[in-house]
Structures are given as C-alpha cells and as structure tokens.
Amino acid sequence: MAPARILIVEDEAIVAIDMQKTFQKLGYDVPAIAFSGEEALRKTEELHPDVVLMDIVLRGQMDGIEAAQKIHERFGIPSIFMTGYSEEIVEQLNTGKPYLSVIKPVEKEKLHTTILKALEEHRGH
Amino acid sequence: MNKILVVDDEAYIATMLEEHLTSMGYDVIGKASSGQKSVEMSRKLRPELVLMDIVMPGRLDGIDASQIIKEELDIPIVFLTAYADDKFIERAKNIEPLGYILKPFQKRELKAVIEVALFKKAAEKKLTASLKEKEILLKEIHHRVKNNMQVISSMLSLQSQHITDKASLAMFQESQNRIRAMALIHENLYTSEDLSHIDIASYIHSLTHQLITSYRTTASRVNMDIAGTDIFLTITTAIPCGLIINELVTNALKHAFPKERDGTITVSMTPSTKDSLILTVSDTGIGFPEGIDFRNTTTLGMQLVISLVEQLDGTITLDRSEGTTFTITFRGGVQYKRRDIENGTSTDTDR
C-alpha cells in the first residue's frame, strides 16, 4: 500500500516545514503545506490527500474547524486536528465526527493510529 | 433623542413627567403603571433610561423591577420617589441606580440628573468596550508569543536534522523541550478564563506528554503519575516552575530507569502553609548517584533547577531513601486560585 498522503494546514511557515520533514521521515507522502483555510480547500481539490492535518487556530477568515467541515462536505476527506491542548480540552472542543485530533507534539504511533482510524471511519461514512 | 421609559402608578404624574421630558428634548417612548409593566415595556421598547417610581401596586415594586431591567437588559435606572427611608435607600443602592430624585422635584433637577446618568452610562459603555478590546489584544499577544516560541523550537528541530552526533542531537532536543515548556505556559494562558492564571495540573499534563514523546523508549515502561489540586499560578511563577518540572522529569526519564528497569515518575503540586506551595518530583528509579551534591553538579539541567528555585525564592531538598524525590517549597506571595467546584465559579483565595 502506498504511504498515506497528508496535507498539512498550519499558518506558521517554519513550524509547517518542520512538520513536513518530520512526517516525511515517518514515511508519509507530504506534498504540500497550506497556510490558511482557503488555501487548504484549494490544495485539497488539487492534490486529493487521504487526510488533512489541520491546525485549529488559523490566520484569515476561516478557522481550522470551519475549513475541516468544508473539506469534508466538498471532497469527503477527513481532517485530523492538531492542537497543543490537553486531552480533556480536546474532548471539550466538540468538533464532532468525522474529526479526530492529536496533541502536539505529535507522537509517531499515535499519529499513525489516528490516521488509520480517520481513514477507516471515513470509509464507513 | 434619548429614549426614556416613565414608570409611575399615578397617571397624572406620569403624564406630567412626559410633558416635562418632552419639553426638555427627550423621547418618552412609553409610560408604565406598575413594576411588572415596566419590565415588559423595557424588554419590548429598549429605552436608554428608565425613570422609576418605587412604591407601586402589584407583585414587583420599582426596586424589584429595576433589578430585573438592569440585570437582564443593562438599562440604567433613575429613581423618582417620595420616599427617602433608609430601608428604601438600602435596597435601591444595591442595584446601583444612576440617580435618586425625591418628590416633589424641580424640573431643572430632573434634567440635571438625567443628563448625568446618560453621560455616565455612555462612559461606562466605552470603558467596557475598551476593556474587551484590551482582553482581545492580550490574548493575541500570548498567542503570538506562543507561536514565536514554536517557531524557535521548529528552527532548532530543522537544524538538528543535519546532526549525526548523538550527544549534540540530545542537546538540541533538550533545548527544544525547554522552549516548548515555556510555549505551553503561553498557550495555557490564552485559553484560560482570566488570561492571567495557569491551571497548573492541566499544564503539567501537557508538559509531561511532551517529555514522554521525546523519551519514548524509557517512557514506554514508566508510569507517569500527576497529582495536582486546583492551583492557578501567574506567569511569573509558572515559567520557572514549568522549567523546573521539565528538567527534573527529563532527568528521571534519562537516568533513573536504565536498562529494562520500570517504575513510576510522580509530579505533584500541593498548597502548604500560608502563601507557599510544595512541588514534588519523584521517581522509583535507581536513585540519584551517591556522592554527588545535587547543588554542585556540572550538568546544565540541575544548574538550571538550582537557579530557578532561587529565582522563586524557594528551597529544594533531595530525599534518596527510596528512588529520588525532589521537594521544592516556594514562598513569596504566590498567588493562586482555588476553584469552587460546588458553585462552579473561580474565586481568588489569599492564603
């Protein structure tokens, strides 16, 4: 099976590059970075990632939660939220399915299982 | 034209007031003859000020009605009454009216009180808006600081990808963890309710999560136990505390569990006596090496801990009887908040 293709959405360029390199090292296909919700929509349409790794707080008109909802509606692609918050707070975020979240800094195993879970749940939809 | 609601059970007084007010250039948008009616009309007509009689028939008197109007709609009240008994004044002042006029009144007096009241209300609104604006600004600053620190951390991470030497790589990793320990404080701050206090238990959870991620191999066989009551620290205390916890937990993960040894690392912060807190970081590992004075080590981590404890104006002790236990007590007017779980509000506690 080909490695999962990930689109990273993160508005700090240097943080985004760091993540891109880290995930590439972990064996994922990370072809692009989007810096805003609007750009995330464009790049999702263009690249058809398997999953979108989304920062919640984004510059611009759209926040991560809204962008994830639009991506799901338009392209049926699941998003995983990345956040620095503790697990408790993530649960309270009430982002609703089909969204999952991982806590920054992202653990390799945790990310892997979350991506698999996102893809699986997505297929079930 | 300022919209005013007149409330008086005597129809002729209400009419006279309407005439006066209209001649002064105000817009009397309604006349209510009871407390209950004044609440209903205020909800519907949204006046900018209510001129309220106190003694009226019905379930609500003027003070009861004012309380509802003020709390629910934030409309200022000016009382106009024939009564100046202490019991009325006592009740009336609790709803913070912007005026209290005694009947019989003079027309000029009425105008002066209303003008002052409207001006005060406008000033209060401006103040509230400016406070809100400052709050947003403060939030943005914490967010910005956190982001900048994350950028620094990522730069170190990117740079370290070119390092092959293991010892240098570890130094980069440790530097990154220190920056993240600080970044997390700012992240916790801008998501906190009052933007100035950090929930230390929640912070310790996120911080240890970071460290577990960095030291996966050891962390997989070590339990992390966090005991925290509801303690809230200000940024001045939280940053050194966070860095101390970061160093001590890192030390435990690096040194206390060699080979395949398993065990537990415990971090706890509890209130002690008046204005002091006790931070304990302990592990059930092999123990801090005998013959080494922890106050005089060559390792950067322990040197940072000792300096930061000094900065907190605190004391540190080491107990080697069972594994390693560092106990840090710090004083110096530490502010913390205790959450009142029963009624769900936060109150400042000065202990």
B:Gln159, sole failed condition from (1) away from every other protein chain (no Cβ under 14 Å); (2) under 30 Å from B:Gln303 (Cβ atoms); (3) surrounded by fewer than 18 Cβ atoms within 10 Å (Cβ to Cβ)
(1)
Looking at (1) under 24 Å from B:Glu124 (Cα atoms); (2) in contact (Cβ under 8 Å) with a residue 24 or more places away in the chain, which one does B:Val55 not meet, given that it meets all the others?
(1)
Could you list all residues from the stretch B:1-53 that are closer than 20 Å to B:Ala65 by Cα, among the hydrophobic types (A, V, I, L, M, F, W, C) and part of a helix (DSSP H, G or I)?
B:Ala11, B:Ile13, B:Ala14, B:Leu17, B:Val39, B:Met41, B:Leu45
Say we look at the stretch B:173-212 and pick out the residues that are facing chain A (nearest Cβ under 9 Å) and of a type in the set (Gly, Ala, Ser); which of these is nearest to B:Leu131 (Cα to Cα)?
B:Ala183
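Looking at B:Leu131, B:Leu138 in this structure, which one is within 30 Å of B:Glu48 (Cα to Cα), among the aliphatic types (A, V, I, L, M), away from chain A (no Cβ under 14 Å) and assigned to a helix (DSSP H, G or I)?
Values: B:Leu138 fails: within 30 Å of B:Glu48 (Cα to Cα).
Result of the check over B:Leu131, B:Leu138: B:Leu131.
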Which condition breaks for B:Leu131 when tested against (1) under 15 Å from A:Thr83 (Cα atoms); (2) surrounded by fewer than 15 Cβ atoms within 10 Å (Cβ to Cβ)?
(1)
Being of a type in the set (Asp, Glu), within 24 Å of B:Met24 (Cα to Cα) and without any contact (Cβ under 8 Å) to a residue 12 or more places away in the chain is true for just one of B:Glu71, B:Glu90, B:Glu115. Which residue is that?
B:Glu115
Residues in the stretch B:36-86 that are surrounded by fewer than 21 Cβ atoms within 10 Å (Cβ to Cβ) and hydroxyl-bearing (Ser, Thr, Tyr) total 1
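Looking only at helices (runs of 4 or more DSSP H) that lie completely in the stretch B:198-292, which have at least 3 residues being buried (at least 18 other Cβ atoms within 10 Å of the Cβ) and not polar (S, T, N, Q)?
Values: elements: B:200-214, B:216-219, B:235-251.
The helices (runs of 4 or more DSSP H) meeting that bar are B:200-214, B:235-251.
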Considering each residue of the stretch B:90-128, count those that are in a strand (DSSP E or B) and exposed (fewer than 13 other Cβ atoms within 10 Å of the Cβ), and give that number.
1
Do we find a residue being more than 27 Å from the chain's Cα centre (by Cα) and within 12 Å of chain A (Cβ to nearest Cβ) anywhere in the stretch B:218-240?
yes
Can you say whether A:Gln61 is of a type outside the set (Gly, Ala, Ser) and in a loop (DSSP other than H, G, I, E, B), as far as the supplied structure shows?
yes
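Readers should treat all values here as calculations from the given coordinates under stated rules, not as data from a laboratory. This one's a predicted model, so the numbers in the text were calculated from it and none came from an experiment. Neighbour counts are summed over all protein chains in view; Cβ atoms, including those assigned to glycine, are modelled from backbone coordinates with ideal geometry.
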